[in-house]
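Participant: Supplied in structure tokens, the structure appears directly below.
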Amino acid sequence: MKKKLFIGGEWQEAQEYQDLLSPYDGEKLAEIPVASETEADRAIAAAFHARKDMRKLPAHQRAEILYNVSRLIEENREEAARLIAVEAAKPLQTARTEVARSIMTYKFASEEARRLPNEMINMDAAPGGEGRIAYAVREPAGVAAAITPFNFPMNLVAHKLGPAVASGNTIVLKPASQTPLSAYFIAEQFEKAGLPKGALNVITGKGSVIGDKIVTDPRVSVVTFTGSPEVGIGLRNKAGLKKMTLELGSNSAVIIDKGVDVRSIADRLVLGAFAYQGQVCISLQRIYAHESVKDAVIEAMKEKADSLVYGHPLDEAADISSLISEGDCDRVMEWIREAENKGAEVCLGGERNGNTVLPTILADVPHDASVSCREVFGPVVHVNGFSDWQEAVDLVNDSDYGLQAGVFTNDMNKAFRASEELEAGGVLINDIPTFRVDHMPYGGVKNSGYGREGIKYAIQEMTEMKLVSFRKSE
């Protein structure tokens, strides 16, 4: 299978190609175009040229296009899931869940296209405003550059394309090099759905070449990026005054209070820590359990994790497959060994099988160990004890990140205190921080990001507000 660049509504050959290999077994999956700066320039030019037509497209037509995309994915959902599974080594059942979420994300975008948040302004609320009628409208910013990661190659693309199309922007999409097939699949669905030519352009290649090009080009008005803090901060420094949304890293934590029924939440904890091999921005990485329940948390999680099945991502029974690269396996194993050397106890796992790191539970991990203070992006979680509630809150906050945090407690006063005091973009009471539905506001503080996703909120990030004021004649 040889893919082509999608530029200006046409499928175009690239000057250079590279093989796409399976993360699980190294099997060749496809030949993928490696776009040059010249080809990236063509994509930007196509989006810039199409922006006026897209701006004029009525809201009901944008909504219909997005609904059609959701319907087309629905009709081809098994093909979509298998694409995700093979290119991202995501277990098939998990890939199917991502496809279902992608369908819902485009449906949300279709709905939001019909209700952009325009508003009337009461000008006479201020002295001197008498005799005026005014309103504020949301207008598309123009060309949006979207850069997406490997871990949710279809739904995170949807979180860029959905709000961009809903609000009348055009897009240049650069998907992750390891997961381009899902992005090209989505481009095919938009083409079938009737999106104007040039409104969506998909180019694959090196971030240092085409990523920098689409972020710095003056014809681009919006940058929306999901990835590592190091890359995101670098892009923001290069982007100038462009509107920007950054969804970056995390080392998400949960607090488990005394008196909590640990066995009733063990499934949720294991899901949060090990779903898709921990390669989730809000993967549960740190557990702070009251000393009275700490040992029970570890034992309950071990029991649940022991039943997980490892295998090929297309195996219907597989819960766990390989990490995205051998280098990531090496790094995760080095961090586990570092934690051990610093005094942590390996309660489960701590081993690898090929490119698969076995689900790992650590206990009593020092704060300065990489598996605690950095983003693991692998199937590793640690359980540390606490004696005082404020101590637990302070431990969660003692981090460079702040995307989402979870709290399990039967004490409503503690729950409200946590909601006020935890430094995170989202606080989930009696749930894991790994929970997300696709219409909620989603984003972080500190090094976890800038701006918010969730279709309604992403539209605000991709539009400019314009005030229109009429002065009545005397």
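Participant: For the range 120-203, give me every one of the strands (runs of 3 or more DSSP E) that falls completely inside it and has 3 or more residues that are in contact (Cβ under 8 Å) with a residue 60 or more places away in the chain and more than 17 Å from Val223 (Cβ to Cβ).
Facilitator: 132-140
Participant: Of the conditions (1) touching a residue at least 40 places away in the same chain (Cβ under 8 Å); (2) under 30 Å from Phe274 (Cβ atoms); (3) charged (D, E, K, R), Asp53 clears all except one; give me its number.
Facilitator: Evaluating Asp53 over (1) touching a residue at least 40 places away in the same chain (Cβ under 8 Å); (2) under 30 Å from Phe274 (Cβ atoms); (3) charged (D, E, K, R) leaves (2) as the failure.
Participant: Condition (residue is surrounded by 20 or more Cβ atoms within 10 Å (Cβ to Cβ) and part of a helix (DSSP H, G or I)) applied to the range 277-290: is it met by at least one residue?
Facilitator: yes
Participant: Tell me which residues, restricted to the range 38-54, are touching a helix residue (DSSP H, G or I) at 6+ places or on another chain (Cβ under 8 Å) and charged (D, E, K, R).
Facilitator: Answer for the range 38-54, where residues must be touching a helix residue (DSSP H, G or I) at 6+ places or on another chain (Cβ under 8 Å) and charged (D, E, K, R): Glu39, Asp41.
Participant: Every residue in the range 304-362 that is β-branched (Val, Ile, Thr), over 27 Å from Ser22 (Cβ atoms) and crowded, with 18+ Cβ neighbours inside 10 Å, please.
Facilitator: Ile361, the sole residue that qualifies.
Participant: For the range 293-349, name all the residues that are of a type in the set (D, E, K, R) and closer than 18 Å to Val383 by Cβ.
Facilitator: Lys294, Asp295, Glu299, Lys302, Glu303, Lys304, Asp306, Glu338, Glu340, Lys342, Glu345
Participant: May I pose another question? Would you list the helices (runs of 4 or more DSSP H) that sit entirely within the range 1-110 and hold 2 or more residues that are at positive phi, among the basic types (Lys, Arg) and surrounded by fewer than 20 Cβ atoms within 10 Å (Cβ to Cβ)?
Facilitator: Of the helices (runs of 4 or more DSSP H) lying wholly inside the range 1-110, none has at least 2 residues that are at positive phi, among the basic types (Lys, Arg) and surrounded by fewer than 20 Cβ atoms within 10 Å (Cβ to Cβ).
Participant: Next question. Which of the residues that make up the range 58-110 are closer than 16 Å to Pro175 by Cβ and of a type in the set (D, E, K, R)?
Facilitator: Within the range 58-110, Glu87, Lys90, Glu98 qualify.
Participant: If Glu230 meets every condition in (1) over 22 Å from Ser370 (Cβ atoms); (2) surrounded by fewer than 20 Cβ atoms within 10 Å (Cβ to Cβ) apart from one, which number is that one?
Facilitator: Against the list (1) over 22 Å from Ser370 (Cβ atoms); (2) surrounded by fewer than 20 Cβ atoms within 10 Å (Cβ to Cβ), Glu230 comes up short only on (1).
Participant: Is it fair to say Ser221 is without any contact (Cβ under 8 Å) to a residue 24 or more places away in the chain and in the same structural domain as Ile84 (by TED's automatic domain parsing)?
Facilitator: Answer is no for this residue.
Participant: May I pose another question? Mind checking which residues of the range 362-403 are assigned to a loop (DSSP other than H, G, I, E, B), on the phi < 0 side of the Ramachandran plot and either among the aliphatic types (A, V, I, L, M) or over 27 Å from the mean Cα position of the chain (by Cα) (or both)?
Facilitator: Of everything in the range 362-403, those that are assigned to a loop (DSSP other than H, G, I, E, B), on the phi < 0 side of the Ramachandran plot and either among the aliphatic types (A, V, I, L, M) or over 27 Å from the mean Cα position of the chain (by Cα) (or both) turn out to be Val365, Pro366, Ala369, Val376, Ser387, Asp388, Leu403.
Participant: Scanning for something over 30 Å from Tyr106 (Cα atoms), out of contact with any His (no Cβ under 8 Å at 6 or more places or on another chain) and not acidic (Asp, Glu), does the range 419-432 turn up at least one residue? If you could, list the steps in order and put the result at the bottom.
Facilitator: Looking only at the range 419-432, we keep the residues that are over 30 Å from Tyr106 (Cα atoms), and these are 419-423.
Imposing the further condition that a residue be out of contact with any His (no Cβ under 8 Å at 6 or more places or on another chain) reduces the set to 419-423.
Right, trim to not acidic (Asp, Glu) and you get 419, 422.
Scanning the range 419-432 turns up at least one residue that is over 30 Å from Tyr106 (Cα atoms), out of contact with any His (no Cβ under 8 Å at 6 or more places or on another chain) and not acidic (Asp, Glu).
Participant: Which is basic (Lys, Arg), over 25 Å from Met440 (Cβ atoms) and assigned by TED's automatic domain parsing to the domain that holds Asp19, of Arg82, Arg96, Arg62, Arg71?
Facilitator: Values: Arg96 fails: over 25 Å from Met440 (Cβ atoms); Arg62 fails: over 25 Å from Met440 (Cβ atoms); Arg71 fails: over 25 Å from Met440 (Cβ atoms).
Checking each option against the conditions leaves just Arg82.
Participant: Of the residues that make up the range 98-116, is at least one hydrophobic (A, V, I, L, M, F, W, C), over 17 Å from Gly454 (Cβ atoms) and in contact (Cβ under 8 Å) with a residue 60 or more places away in the chain?
Facilitator: No, there is no match, as no residue in the range 98-116 is hydrophobic (A, V, I, L, M, F, W, C), over 17 Å from Gly454 (Cβ atoms) and in contact (Cβ under 8 Å) with a residue 60 or more places away in the chain.
The values are calculated or read from the model by the stated rules, or taken from the named source; none is laboratory data. Quick caveat, the model's predicted, so the values are computed rather than measured. Because the Cβ atoms are built from the backbone with ideal geometry, glycine has one as well, and the counts that use them run over all protein chains shown.
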